[in-house]
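Questions regarding the structure given below will be posed in turn.
The values are calculated or read from the model by the stated rules, or taken from the named source; none is laboratory data. Only a predicted model underlies this, so the values are computations on that prediction, with no experimental measurement involved. So basically every Cβ, Gly included, is an ideal-geometry build from the backbone, and we count neighbours across all protein chains shown.
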Amino acid sequence: MPEALPVATVRTQVTVPLAFPDGYTTTVRVFTFKGLIDGREHLALGLGDWAGALDRLAAGGEPPLVRPHSECLTGDVFGSQRCDCGPQLREAVQRIAETGGFLLYLRQEGRGIGLYAKLDAYALQDAGLDTYQANVALGRGEDERDYSAAAQMLATLGVPRVRLLSSNPDKAEQLTRLGVDVVERVPTSIFLSPANAEYLAAKAAKAAEAEAAEAEAAQAPAGRTPDGPVSR
Ligand SMILES: [Zn+2]
């Protein structure tokens, strides 16, 4: 059974033109919400022909491409090479814009432990721990990210079914449990640099572990939320 989430509503929507440092430009519809479960200022970005994608979905066609992206100040804004968040965000914006869909920008920095703790974890990683061990050494979970607000935003936008742009099995698993019908997982590209090689290796090992556990577990029936009102 999907977990019951409170209903959120759109509080504003506004169009913002984007220009990335590499010259790529596009226009997004930015949605803000009332009633998100953790009270944080999460955003949904409608990219490309997102309205057409909603129409196709409502007519029983292919669900839109959706990526939940967790905030990474160092990677998204400053181009830190310790992770691959910046290039992943840049790739996601373009791939979603090409087909029409949504990027959910989630304010859960550092796998949910926050910015300062993430930087503390970097210091521990410099001492030899991997990204997960470092979080645990700080007394935090390996990965505290939670996709409840993402599921709420999707329900509010009228997106009960998605093609999920993600290589992280945990995102698909959590969203399914929260009532989002993940019909397909579309993998992201790998952005390797000398500074993020160990980080990416730890991430890949963790994903493989989760895949194995998922394959072993009995297949739970996928939950489904009722189709929400289309909000534009
Ligand atoms: Zn990052």
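Anything in the range 17-33 that is under 20 Å from the mean Cα position of the chain (by Cα) and not charged (D, E, K, R)? List them, or say none.
If the condition is that a residue be under 20 Å from the mean Cα position of the chain (by Cα) and not charged (D, E, K, R), then Leu18, Phe20, Thr26, Thr27, Val28, Val30, Phe31, Thr32, Phe33 are the ones that fit.
With the requirement that a residue be within 12 Å of the ligand (Cβ to nearest atom) and at positive phi, what does the range 88-123 give you? Don't jump to the end; show me each part of the working.
Step one: filter the range 88-123 for residues within 12 Å of the ligand (Cβ to nearest atom), giving 88-89, 108-111, 115, 118-119, 121-122.
Passing the criteria: Gly110, Arg111.
Suppose the filter is closer than 21 Å to Ser148 by Cβ, surrounded by fewer than 23 Cβ atoms within 10 Å (Cβ to Cβ) and among the charged types (D, E, K, R); does Arg90 pass it?
Criteria not met by Arg90.
Residues are listed down the side, and each one gets a yes or a no for (1) touching a residue at least 40 places away in the same chain (Cβ under 8 Å); (2) aliphatic (A, V, I, L, M); (3) outside any helix (DSSP H, G or I); (4) over 23 Å from Ala4 (Cα atoms):
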| residue | (1), (2), (3), (4) |
| --- | --- |
| Thr156 | yes, no, no, no |
| Val162 | yes, yes, yes, no |
| Glu173 | yes, no, no, no |
| Thr176 | yes, no, no, no |
| Gly179 | yes, no, yes, no |
| Glu198 | yes, no, no, yes |
| Ala208 | no, yes, no, yes |
| Ala212 | no, yes, no, yes |
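Considering (1) more than 16 Å from the ligand (Cβ to nearest atom); (2) surrounded by 19 or more Cβ atoms within 10 Å (Cβ to Cβ); (3) among the hydrophobic types (A, V, I, L, M, F, W, C), say which one Cys85 fails and leave the rest.
Cys85 satisfies every listed condition except (1).
Taking the range 97-120, which residues are without any contact (Cβ under 8 Å) to a residue 12 or more places away in the chain and crowded, with 19+ Cβ neighbours inside 10 Å?
Once the filter is applied, which keeps residues that are without any contact (Cβ under 8 Å) to a residue 12 or more places away in the chain and crowded, with 19+ Cβ neighbours inside 10 Å, the range 97-120 yields nothing.
Here is a list of conditions, (1) in contact with a helix residue (DSSP H, G or I) (Cβ under 7 Å, 6 or more places away or on another chain); (2) more than 16 Å from the ligand (Cβ to nearest atom); (3) among the hydroxyl-bearing types (Ser, Thr, Tyr), and Thr32 meets all of them except one; can you say which number that is?
Status for Thr32: all satisfied but (1).
Would a scan of the range 59-76 turn up a residue that is modelled with pLDDT under 95, of a type in the set (S, T, N, Q) and within 16 Å of the ligand (Cβ to nearest atom)?
no
I need the full set of residues from the range 137-154 which are aliphatic (A, V, I, L, M) and in a loop (DSSP other than H, G, I, E, B), in order please.
Across the range 137-154, the qualifying residue is only Leu138.
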